[in-house]
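Remarks on the structure that follows.
The values are calculated or read from the model by the stated rules, or taken from the named source; none is laboratory data. Keep in mind that this is a model prediction, so the values were computed, not measured. All Cβ positions, even for glycine, are placed from backbone atoms using ideal geometry, and neighbour counts span all protein chains on display. Protein only, heavy atoms only, side chains kept; ligands, DNA and RNA dropped before computing areas. Shrake-Rupley method; radii C 1.70, N 1.55, O 1.52, S 1.80 Å.
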Amino acid sequence: MIAGLTDAFSSVSLGRGQSISLVDSLSTGSLDSFLILGQMGKWMPTFATPIWVLSVGLLLGVVGVAVIYGVLSLLSLVPALGTIADRPRQGVTLSLIAGAIFSATLCVIYLPQGGDNRQLLLLPLITIGMGLGFGLIYGMWHRTRNEWFSMLSEGVMPYLLGTAGVFVLLGMAMTPFVEDPRGILESIPSVNVMSDGTQVEVATIQPASSDEPEFFPAGIDYNFRNVAELTIQSDKKVFLADSADPAAFSRSPVELNPGSSEAIKYRYQDREQPPIPGDPGKLHVYNQEIDPARVVFTFKNLPQVPQASSIVFIAIIFFLTMTALMATRQAAPRVWALALSTAKNEMAQPLYLLLLAMGIFGVLLFGIFPFNTLGDDIRLLKDSGVTLIMIMGMLLAVWSAGTSVSEEIEGRTALTVLSKPVSRRSFILGKYAGIMLSVLVLFVILSAVLLVVLSYKPIYDARETSEKLPVWQVGHEEIMTTLPVLGLYFMETMAIGGVAVALATRLPLLANFITCFSIYVIGNLTSPLVASAKENTELVGFVGKLIAVVVPNLNSFNVQAAMDSGSAVPLIYLAGVFNYLVVFVIAVWMLAMLLFEDRDLA
């Protein structure tokens, strides 16, 4: 019987006398498996490395939060520091003072780097400084020390941390496929956080004491491993060499003539021979003239792996987000309680899960959908993906404003809330904050899926067109140019959400939807209207300018041209849009208070 079973399993009938040996089948399957693994081994580093880099950034952010707030928790054991925020007025006052100090420090460090548009950085830096001030004072509060675990397990925090945790696990699981992980990690300390990486060194070279060339040490310090660009200028004719003894030269000295037009320029990406030696101790200069020469070396230092900068960027964003959530919860408990209940209520609605499922399905579909653009499919993927995420966020924001504000007012639920020690101002702020927290979770989850798809899309396109497999830096660049766009579209959703909350104090859900849709359409046409009004009559120009004043200019959040060209959105532009958003949201909040202040809730 056993022999019969063996024969049966060793030969499988295919009909008409055809059969295949199980051993042959297993051998063929093993060969196919090896081929599949071999193909994965080729493209997995390109796919895994960008995700791994972002995962390391999230892990670094987690470590930063744990270390900094761990130290603040230890400081809270000191009675004078742990009870500093027991009185709300005192806690807020000290937080504002600490925030002013942080803001001034950040302005001193970063404003000079803004160039001609440095004034646009002022409000963002003040906002970050104030957030750090509140984080410092309330991070040392004894209640914060006791409530950290409950804080991380309530409201939207589990969803945000859970999404980050899944992303990190995915990235860490692909560590064996990552290309040069050690080099990336070693480049992190070289990331420029406090400056733009510019280093200026000046060497004063004395003339030779005899007719023979005399090379003097330059006496400057640099690390050539991190030099991305180098410019050398001199006011005298000099020669740069790698030794004081001409007999020990490894190459001919480099001649440098006076004047800015004669400056020597070097870029690492050009893969040319550097004009100076890698060891600063070997750099010697010969001054051919009779007066001392002033040689200026301007280094542009970047990490050896420039993509390591994104690790620090992601870590800072994570830390600031956690700080903002913690400080809001501790400094404004009534607003936070309203925001928490609003967010939990909206995220429990079937519409939320429907929008989330549609968003994930749409993003995955865009990843494999053939746009037939002859090489620009990834541009359309980015455009379609971020637009879909924004639309889902706006739908959720307007719907939530109608269900959590309009219906509560009409159903007299708001009267019950306001009968407690909650002001109408706190009610509006809490509702808006809760709606935007639920939108934030939606954005974070869909954005995480989009980033994974973006990391694989260059590989998919290359395999579909039988082109050469791209390097991992291509996928990383696509991801990093998409993150600022997602930030801009989230700010646009905040603007529409503010309008929806303000209108919800007076309008029902359907009227709110129609009004917000009209504002969105007209807001995206504001700039063309103003431009066309200049060439028409005064009446048309007046109407165009009036629309631009009344309706928000949503073109500020639209960076379609940058996405089509594959250009990165500069941080200075993000700062300018943030300034506009803050002013607009404050104006909408004041409008909401005017509409809600005399609303009869009984």
Full-stretch length increase - residue 143, residue 471 - with 0.36 nm per residue and alpha-carbon distance subtracted: 113.2 nm
Förster radius 60 Å - calculated FRET efficiency between residue 185 and residue 83 (Cβ-Cβ, nearest 0.05): 0.90
Inter-label distance for residue 195 and residue 66, nm, one decimal - labels placed 7 Å from Cα along Cα-to-Cβ: 3.3 nm
Accessible area per residue in Å² at 1.4 Å probe, computed on the range 41-101: 47 Å²
Whole-percent carbon and sulfur share, accessible surface of the chain, 1.4 Å: 65 percent
Residue 379 versus residue 150: modelled label distance in nm, points set 7 Å from Cα along the beta carbon direction: 5.4 nm
Selection of GluC sites (Glu not before Pro), the range 452-529, meeting DSSP coil and at most 16 other Cβ within 10 Å: 467
Amide H partners (placed H, <5 Å) of residue 301, local residues excluded: 198, 199, 228
Flagged links, alpha-carbon separation over 25 Å, of 236/265; 300/382; 265/457; 236/300; 300/457; 237/282: 300/382; 265/457; 300/457
Hz values of 3J(HN,Hα) by residue in the range 211-221 - Karplus curve (6.51, -1.76, 1.60), Gly and Pro given as x: 6, 7, x, 10, 9, 9, x, 5, x, 10, 10
Per-residue HN-Hα couplings for the range 573-585 [Karplus 6.51, -1.76, 1.60; θ = phi - 60°; Hz; x = Gly/Pro]: 5, 4, 5, x, 5, 4, 4, 4, 4, 4, 4, 5, 5
Long-range amide H partners of residue 208 with built H, under 5 Å: 287
FRET efficiency estimate (nearest 0.05) - Cβ-Cβ, residue 387 to residue 119, R0 41 angstrom: 0.85
FRET efficiency, 1/(1 + (r/R0)^6) with R0 35 Å, evaluated for residue 96 and residue 354 via beta carbons: 0.25
Summed side-chain charge close to residue 404 - residues other than residue 404 whose Cβ falls under 13 Å, Lys, Arg +1, Asp, Glu -1: -2
Amide H partners (placed H, <5 Å) of residue 235, local residues excluded: 294
Label-reachable residues, the range 437-451, where backbone N falls under 12 Å from a point 7 Å from residue 407's Cα toward its Cβ: none
Protection proxy ranking, peptides 355-362, 241-248, average beta carbon neighbours within 10 Å, highest first: 355-362, 241-248
³J(HN,Hα), Karplus 6.51/-1.76/1.60, whole Hz, each residue of the range 475-487, x for Gly, Pro: x, 5, 5, 4, 5, 6, 7, 8, 4, x, 5, 4, x
Structure-based [θ]222 nm, the chain - -39500 (n - 2.57) summed over DSSP H runs of at least 4, per residue, nearest 500: -21000 deg cm²/dmol
